[in-house]
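See structure below.
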Amino acid sequence: MADFKAIETFMWVVTLGSFRGAAQKLNTTQPAISQRIAQLEREVGVRLLQRDRRMVLPTPSGRQMMVYAEKLIGLRSEMLTAVGDRSAMRGVLRLGVAETIVHTWLSQLIKSVDHAYPNLSLEIEVDITSNLRTRLLTQEIELAFLLGPLTAPTISNRVLCDYPVGFLASPSLGLGTRRLTVHDLAKFPIITFSRKTQFYEAVRSLFNRPELPPIRLHASASLATVIHMAIEGLGIAVIPTAIVENEMADGRLQLLSTNLQMPILTFSASWLASPDTVAVERVAELAVQLAQGSTVIDAPLQARH
């Protein structure tokens, strides 16, 4: 009789379109995946998958099998959610995070996960949104906190928070006493997110005007570097104000008054939809509550379906 491991393996091979992707998802080897699929095909007596040079596709019988596989895996997850305790949630969840989240509430989330699910480990990668999206779609990570929401038919999203963006500078630049125009700001180097981000392009287009001097735009994938450069008086930082509350409170940075408006940054929790996402959905729910101002370090939440 086909076991859950073989059925789960089949579901992920079809979902990801490759034995390699399924092996990475299930933390095993490609030969092990091939062996499970071969065993499953022997037990059901039909060929379930067809292989070409680019990807693996289900046969007509495989498509029918997929309907039942998703139901079975979904019911298993629902059962564990209904009757399991917090210690039943175990394993490793691969989490990708935009650095803005690292500078705000990520540490609170880690404490909440440790308390609510003591046998669940987080493997955290910090990267820019475009890279996180790619890594999510290729199953290198299972949950991403990034600028979103992402638009793809296979991705589920939950809005986390909105962060306004400000122009910030060291008091040593002497810019905190009046309302500044784009001409005033353009006299100084501008420091912001990495060149590969949409926000970098928004900042560049703001200063890319014929009547302004050529922009001196410093970009960094490290927000810690951006903040340090601004504190040292090397330019004006254009970043979310939430990540420098301490620096503003102790006077190392000033929020400048300007006649400009930058787009608000909306962050989302995003993951690939599948029947077996209980751990992902629970961590995403904790993140939503923390990001929206609720301190959560207690009982586990019911998964959202």
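Taking the DSSP beta bridges with both ends in the chain, the antiparallel portion is around 55 percent. For segment 165-255, the residue among MET248, SER172, LEU206 whose Cα projects farthest onto the positive side of the dipole built from Cβ charges is LEU206. Summing charges over all other residues whose Cβ lies under 15 Å from the Cβ of ARG252, with Lys and Arg as +1 and Asp and Glu as -1, gives -4. Note on ARG51 and THR138: with the Förster distance fixed at 25 Å, the Cβ-Cβ geometry gives a FRET efficiency of about 0.85. Here the scattering of the chain is modelled by Debye summation over its C-alpha atoms, one equal scatterer each and no solvent; at q = 0.08, 0.13 Å⁻¹ the log10 of I(q)/I(0) is -0.47, -0.94.
Compute the FRET efficiency between SER257 and GLU123 as 1/(1 + (r/R0)^6), taking r as their Cβ-Cβ distance and R0 = 30 Å, and round to the nearest 0.05. So the FRET efficiency works out to roughly 0.10.
Against the longest alpha carbon principal axis of the chain, how many degrees, from 0 to 90 and to the nearest 10, is the axis of helix 4-16 turned? Helix 4-16 sits roughly 50 degrees off the main axis of the chain. The DSSP beta bridges internal to segment 165-255 are antiparallel in roughly 55% of cases. Compared with the direct C-alpha span, the chain from MET79 to ARG204 gains 39.9 nm at full extension, assuming 0.36 nm per residue. Summing charges over neighbours of SER130, with a neighbour being any other residue whose Cβ is under 13 Å away from its Cβ, gives +2 when K and R count +1 and D and E count -1. When the alpha carbon coordinates of segment 165-255 are projected onto the principal axes, the ranges are 37, 30, 18 Å, largest first. Summed over all non-identical Cα pairs, the Kirkwood treatment of segment 4-83 gives a radius of 12.8 Å.
Note on GLU232 and HIS115: with the Förster distance fixed at 51 Å, the Cβ-Cβ geometry gives a FRET efficiency of about 0.85. Please state the shape class of segment 87-129: rounded when a/c is under 1.5, otherwise prolate if a/b exceeds b/c and oblate if not, all from the C-alpha gyration tensor. Oblate, since a/c reaches 1.5 and b/c is not below a/b.
We did not get these values from a lab; they are worked out from the coordinates using the rules stated. Please read all numbers here as calculations on a predicted model, not as lab measurements. A quick note on method: Cβ atoms are made from the backbone with ideal geometry, for glycine too, and the neighbour counts reach across all protein chains shown.
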